[in-house]
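The next block holds one structure in the form of structure tokens; read it before the comments.
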Amino acid sequence: MARVADLLDQGVLLGTRTTTLPWDQVQAAHRLLESGRSVGKTVLEVVP
């Protein structure tokens, strides 16, 4: 695990790109996913 952490720190390995949007932008998130231009994960944040 320490080796992986070192590679991340050095920029050799890159983490998954994540786009986080608030729930009220659910339509924009859907359009992004349908466009095929999204990279990584798309997360909708739900605040109670």
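Observations on the model:
- Per-bin percent of Cα-Cα distances, the chain [10 Å]: 24, 34, 23, 18, 0
- Projected label distance in nm at Glu45 and Ala5, using a 7 Å step from Cα toward the beta-carbon: 2.6
FYI, it's all coordinate maths here, none of it is from the lab. Keep in mind that this is a model prediction, so the values were computed, not measured. Neighbour counts are summed over all protein chains in view; Cβ atoms, including those assigned to glycine, are modelled from backbone coordinates with ideal geometry.
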